[in-house]
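To keep things clear, I will list the structure first and then write my remarks on it.
The values are calculated or read from the model by the stated rules, or taken from the named source; none is laboratory data. Remember, it's a predicted structure, so these values are computed and weren't measured experimentally. Don't worry about glycine lacking a Cβ; one is built from the backbone with ideal geometry, like all the others, and counts go over all protein chains shown.
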Amino acid sequence: MIKRYQPQPLPPADWLQDFPELHPVVATVLYHLNIRTAEAIDHYLHPLYERDQHDPFLFTDMQKVVERIVTARDADQSVLVYGDYDADGVCSTVLLYTALQEIGIKKLSMYLPHRDTEGYGLNAAAVERFHTEGIHLIITVDCGISNAVEVARAAELGMDVIVTDHHVEPPQLPEAAFAIINPQVKRCGYPWPMLAGVGVAFKVAQALRQHLHLEERFEKWLLDLVAISTVTDCMPLQDENRTFVKYGLVVLNKTKRLGLQQLIAATHKPGTAVTTTGISYRLGPWINAAGRIDHANVAVQLLLADNVEQAASDVAALGKTNTSRQEQTEVMFQAARLQAAAQTDQPVLFTYGEAWPLGLVGLVAGKLVSEFHKPAFVMTLNKNRVFGSGRSVAGVNLIKTLQQMSDCFDRYGGHAMACGFSLEDNVTRTQFAKKFVTTVQSQLDSLPTEHSIPVAAELRVADVNWTLVEQLEQMQPWGEGNLEPLFLFQNVPVKDFQTVGATNTHLRLVLSEGAQSLKAIAFGFGKKADTLKLGDTVTLVGKIGVNEWNDKRDIQLMVEDWL
């Protein structure tokens, strides 16, 4: 597929004139994000915690939920929080567990299933065990919406189940649940459907805080977990998610959680603030690694650590687990990549390895999509059943497609861009692949033939100044649905350059036009130095940011592509 960078057109001149205080480049980015009124721009650039989120009681069942939880507390009933094994599930579990602990529930426990032996979601064996243990109330987080059978069994055994989830509404809802809190379910009535699982758990905690007239700090100190999960689960940083992450980063950088303090220290240079990038590439993967390679309880234990020694020990264990995850993922990716390379004439990639770790199939599917720009599935065998994970491209909705062929699956779930499943015993991988392509064909036919990447603007060196940089900084936090803008620099003269890094892998440049110059760093482009000469012109695509070193701040172009 051809990759093409496409500068976004300027907004109408009369619209630009209405906002003279905005840098034209920033105004253009906002316009194409459909943020076009003075009120919307103010809310976007200057989100306020109290103003820019929704009332938790807009969930139809929220009043029932808080009353049931308070009843459990007052009656000294046993309450169990049932989570998931990824970062969102871990943080959701810890968040709600912490909140319930703080309101005084004494008989409180939590449970996260094992990815390989139990799989995703509420499972029947666990439900039976909870009954024998005397659990009165089960609250699911980041799962449960597709567990109609298991919820019905819990109800039959006399346990109430509150389902809090954020996954797409399935054909059959768990009608036996005491209550459902899921913004993706239409009857729940919530105006913003794209909360992470942790966001839904947070709204329950927020509703409890309001119902019990507790101080606001009760909920605000939970925002570190909300920020981690919202970013790690790739939820769009729009609407109240933007508010959560903006304020969550503030809380995260002064978190009281000993485990997070140790994790940040292990993954960041001293004095470096945690950003959405730090969450995406450092904190999130370490937390996720626990459930991918071992058991997510290790990550839960870290987030609940009550002494520094235990927290440091848990971080060390997670570090080793994450390194193992990286090594295994690379080996697995190279094998899957060979299979995918033989399918370049096919619209969807299907790969399989009999001994591939179940916890890594989603990561590898994502890497295949990044390289081949096609929907990709990675499958493996576990307990004589085929399990798989899929990742998609814009225009191909995985979960809606899987819903149309639900008879193929023992279990399935996910979102438009990501899914997981296990095949029925009588369905082969070949049959699944053939039926998926047939079912999704109309979506595939409408896909573009080239990979068009939007560029905020084409700039000259003289266009880059501190006004632009400071207004771009106001647009943070960057993330899904609010991607950091790319800029195109065409035929810019090179005034100076040098390779950097232990193996000269990277390239540092100074771009110059007339009296104006701009520093740039091009990670992974060190070999360009072999043919580059002073005075040559280069065409680059990159992000504009700030390099801070020894208390000095310089504007810097972070090169993403060299054309």
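A few notes on this one:
- Those residues of segment 444-468 which are part of a helix (DSSP H, G or I) and surrounded by fewer than 17 Cβ atoms within 10 Å (Cβ to Cβ), in sequence order: L444, D445, A462, W466, T467
- Checking each residue of segment 372-388 against the condition of being touching a residue at least 40 places away in the same chain (Cβ under 8 Å), of a type in the set (V, I, T) and surrounded by 20 or more Cβ atoms within 10 Å (Cβ to Cβ) gives at least one match.
- Evaluation of L518 against the conditions (1) touching a strand residue (DSSP E or B) at 6+ places or on another chain (Cβ under 8 Å); (2) farther than 27 Å from Q6 by Cβ shows that the sole unmet condition is (2).
- Selected residue (criterion: surrounded by the most Cβ atoms within 10 Å (Cβ to Cβ)) from residues of segment 393-434 that are at pLDDT 90 or above and part of a strand (DSSP E or B): C419
- Some residue of segment 77-84 being buried (at least 21 other Cβ atoms within 10 Å of the Cβ), in a loop (DSSP other than H, G, I, E, B), touching a residue at least 40 places away in the same chain (Cβ under 8 Å) and of a type in the set (D, E): yes
- The criterion of being exposed (fewer than 12 other Cβ atoms within 10 Å of the Cβ) and either at pLDDT 95 or above or part of a strand (DSSP E or B) (or both) holds for D554.
- Residue in segment 148-163 that is part of a loop (DSSP other than H, G, I, E, B), surrounded by 16 or more Cβ atoms within 10 Å (Cβ to Cβ), in contact with a Gly (Cβ under 8 Å, 6 or more places away or on another chain) and not basic (K, R) present: no
- Looking only at segment 469-491, and only at residues there that are assigned to a loop (DSSP other than H, G, I, E, B) and free of Cβ contacts under 8 Å to residues at least 60 places away in the same chain, the one that is farthest from D233 (Cα to Cα): E484
- Residues satisfying the stated conditions in segment 489-513, i.e. touching a helix residue (DSSP H, G or I) at 6+ places or on another chain (Cβ under 6 Å) and of a type in the set (S, T, N, Q): T499, N504, T505
Yes/no matrix, rows are residues, columns are (1) free of Cβ contacts under 8 Å to residues at least 24 places away in the same chain; (2) surrounded by 17 or more Cβ atoms within 10 Å (Cβ to Cβ); (3) among the polar types (S, T, N, Q); (4) not assigned by TED's automatic domain parsing to the domain that holds L358:
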{"site": "H268", "(1), (2), (3), (4)": "yes, no, no, yes"}
{"site": "G271", "(1), (2), (3), (4)": "yes, no, no, yes"}
{"site": "V274", "(1), (2), (3), (4)": "no, yes, no, yes"}
{"site": "G278", "(1), (2), (3), (4)": "yes, yes, no, yes"}
{"site": "P285", "(1), (2), (3), (4)": "no, yes, no, yes"}
{"site": "G291", "(1), (2), (3), (4)": "no, yes, no, yes"}
{"site": "V300", "(1), (2), (3), (4)": "no, yes, no, yes"}
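One line per residue, one yes/no per condition, for (1) assigned to a helix (DSSP H, G or I); (2) farther than 26 Å from N382 by Cα; (3) in contact with a Lys or Arg (Cβ under 6 Å, 6 or more places away or on another chain):
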{"site": "T98", "(1), (2), (3)": "yes, yes, no"}
{"site": "T117", "(1), (2), (3)": "no, no, no"}
{"site": "R129", "(1), (2), (3)": "yes, no, no"}
{"site": "I138", "(1), (2), (3)": "no, yes, no"}
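- Whichever residue in segment 324-353 is part of a loop (DSSP other than H, G, I, E, B) and over 24 Å from the mean Cα position of the chain (by Cα) and, among such residues, is farthest from T449 (Cα to Cα): A342
- Of the residues making up segment 173-188, those that are part of a loop (DSSP other than H, G, I, E, B) and either β-branched (V, I, T) or over 22 Å from F130 (Cβ atoms) (or both) are P183, Q184, V185.
- Qualifying residue in segment 492-500 (condition: assigned to a loop (DSSP other than H, G, I, E, B) and crowded, with 17+ Cβ neighbours inside 10 Å): no
- The set of residues from segment 228-256 being in a loop (DSSP other than H, G, I, E, B), charged (D, E, K, R) and buried (at least 19 other Cβ atoms within 10 Å of the Cβ) comprises just one member, D233.
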